[in-house]
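The values are calculated or read from the model by the stated rules, or taken from the named source; none is laboratory data. All of these numbers come straight from a predicted model, not from anything done at the bench. Positions of Cβ are generated from backbone atoms using ideal geometry, with glycine treated the same way; all protein chains shown enter the neighbour counts. Protein only, heavy atoms only, side chains kept; ligands, DNA and RNA dropped before computing areas. Shrake-Rupley method; radii C 1.70, N 1.55, O 1.52, S 1.80 Å.
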Amino acid sequence: MNDAPQTPRKHKLIEYANGPSLEEINGTVEVPKGKGFWRTLFAYSGPGALVAVGYMDPGNWSTSITGGQNFGYLLMTVILVSSLIAMLLQNMAAKLGIVGRMDLAQAIRARTSKTLGIILWIMTEFAIMATDIAEVIGAAIALYLLFHIPLVIAVFLTVLDVLILLLLTKIGFRKIEAIVVCLILVILLVFVYQVALSDPNWGEIIRRLVPSADAVATHPEVNGMTPLGGALGIIGATVMPHNLYLHSAVSQTRKIDHDDEEEVATAVRFSQWDSNIQLSFAFIVNSLLLIMGVAVFKSGAVKDPSFFGLFEALSDTSTLSNGVLIAVAKSGILSILFAVALLASGQNSTITGTLTGQVIMEGFVHMRMPLWARRLVTRLISVVPVLVCVAMTSGMNKVDQHEALNTLMNNSQVFLAFALPFSMLPLLMLTDSKAEMGKRFKNSTWVKVCGWISVIGLTFLNLLNLPDSFAAFLGDNASAGAVQGAHIAAYIAILLILALLAWCMADLYRGDKRLAEREAAAELANKEAE
């Protein structure tokens, strides 16, 4: 035996990785066995909070508040349906990670070609960066509003959140989950307080939770928005592709015996409880945002739906709906709380966005970077378009500059429409597979039916909105010819997406067939050996 001291292995900035998902934290959280429901649920609670953050990030805020301003409580049903679809998809993602012991990116890559894996990786990276742009804008504006830091400096300061991430990686994953939950509670309490003061019409809110064709109608048009446009904006800002990758990875952080089917079933059940509870909080936050648009402000009072405009409207007594709100607004507390919630939302998304970036990089292209380096690269790239926007609008008046930043944030979300089908569809196919999930854990008939309706519906709505999203890049004063050119480009993009989806489905089908044949051959060999 060689007792010579071992030289510590030097870690490179980029390393090959083909092991368990998020290997440093995979299977590290102990869970009790044979204990009561609440104690077991507490042990499994946490991953759902990391996922729920993506459903209440800064990208959701203006769409929900503007929808409330324009159409009252009409779009409440859209928030409810989006949340239910999110619960369905996230439950599938958690189950895939626990049962298959691979995250979504790893499972797709294992059954598709290397070329397709690289294409899907690049597409998902763009989606993460688009989400990060919203977080940069939200955090920078919050710093500007709270501490009067100039916007350019505030944008650069958002890069320093990498130091927060470095600190968090030293304290343990369970504590990270607790911090995220606390930040969610801050956001929730701020909006509960503001809505409670506004005394909304709860009867009308409950009535509007019932699905109605009016919520997706193409008329009337209010402030350039139709109910269908508002619904598509809320859906696009709610269901995000990176959450599915993240959940399939962080659901594996609990330490369980995968050879014990009952223990695996317990992990699936409690992970789904955790996910549904946390996403219920996200539903409440998004509902409160829409209710704010209706009840906190006078109808049509918010002319600037950007974060700047909302901050100012919360301190402007002429825009608020009742005497109680006006009295509180005079102290400035309403606008300050709004900015605090905005900052908390941005910091939450920092943690989850970085983890997701690591998941897709390891899963699709088998490369790993330290979390701090991963965060720094993503954030620096995301900062560039924000800085360019700030620089180009520096000579404009404040309202135009605010609108430009708001437009950049909204337009960046177009990449989510590209990436979303390529996470939803593989997730559904993988969890429908008996070869992948086993007879016990494959999707039940009702989950399968609801899943296909949801995936086809969301894909259709995202692609339906793509021509208008492309045209939005041209601004409000674009010529008819330019708009037509943008629509043509969008239709070409739609064809490419559909072709790529067909390629992905064919590869996944062949991969599943190969897996089923290998399992059948192994089972036959075992019988012959007996």
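From the list Leu355, Leu425, the one residue that fits, being modelled with pLDDT of 90 or more, in contact with a Leu (Cβ under 7 Å, 6 or more places away or on another chain) and in a helix (DSSP H, G or I), is Leu425.
Quick one: in the range 89-133, which of the residues that are small (Gly, Ala, Ser) and open to solvent by 30 Å² or more (accessible area, probe 1.4 Å) is farthest from the chain's Cα centre (by Cα)? It comes out as Ser113. Filtered by the rule that a residue be farther than 30 Å from Ala516 by Cα and open to solvent by 40 Å² or more (accessible area, probe 1.4 Å), the range 411-451 gives Phe415, Phe418. Within this structure, Ser345 fails the test of being of a type outside the set (Phe, Trp, Tyr), in a loop (DSSP other than H, G, I, E, B) and either surrounded by 19 or more Cβ atoms within 10 Å (Cβ to Cβ) or free of Cβ contacts under 8 Å to residues at least 24 places away in the same chain (or both). Filtering the range 277-316 to residues that are among the acidic types (Asp, Glu) and part of a loop (DSSP other than H, G, I, E, B) leaves Asp304, Asp316. Number of residues in the range 381-410 that are surrounded by fewer than 18 Cβ atoms within 10 Å (Cβ to Cβ) and either among the small types (Gly, Ala, Ser) or under 20 Å from the mean Cα position of the chain (by Cα) (or both) equals 6. Only one entry in Arg109, Arg174 is farther than 23 Å from Trp273 by Cβ and charged (D, E, K, R), namely Arg109. Within the range 305-342, the set of residues being touching a Lys or Arg at 6+ places or on another chain (Cβ under 9 Å), open to solvent by 20 Å² or more (accessible area, probe 1.4 Å) and farther than 30 Å from Val181 by Cα comprises Thr317, Ser318, Ser321.
Residues that are farther than 20 Å from Leu185 by Cα, touching a helix residue (DSSP H, G or I) at 6+ places or on another chain (Cβ under 7 Å) and not in a helix (DSSP H, G or I) within the range 21-64 comprise Ser21, Leu22, Ile25, Asn26, Gly27, Thr28, Val29, Val31, Pro32, listed in sequence order. Taking the criterion of being modelled with pLDDT under 85 and surrounded by 15 or more Cβ atoms within 10 Å (Cβ to Cβ), the only residue of the range 474-507 that qualifies is Ala478. Counted as qualifying within the range 109-171 are the helices (runs of 4 or more DSSP H) with 1 or more residues that are at pLDDT 90 or above, namely 114-147.
Tell me yes or no: at least one residue of the range 383-396 is within 20 Å of Trp61 (Cβ to Cβ), modelled with pLDDT under 80, out of contact with any Cys (no Cβ under 6 Å at 6 or more places or on another chain) and hydrophobic (A, V, I, L, M, F, W, C). No. Just checking, does the range 508-529 include any residue being open to solvent by 40 Å² or more (accessible area, probe 1.4 Å), outside any helix (DSSP H, G or I) and more than 28 Å from Pro421 (Cα to Cα)? Looking through the range 508-529, none of the residues is open to solvent by 40 Å² or more (accessible area, probe 1.4 Å), outside any helix (DSSP H, G or I) and more than 28 Å from Pro421 (Cα to Cα). If you go through the range 436-482 and keep only what is within 16 Å of Ala93 (Cβ to Cβ), in contact (Cβ under 8 Å) with a residue 24 or more places away in the chain and not in a helix (DSSP H, G or I), you end up with just Asn443. Here Arg254 fulfils each of the conditions (1) over 17 Å from the mean Cα position of the chain (by Cα); (2) under 30 Å from Gln194 (Cβ atoms) apart from (2).
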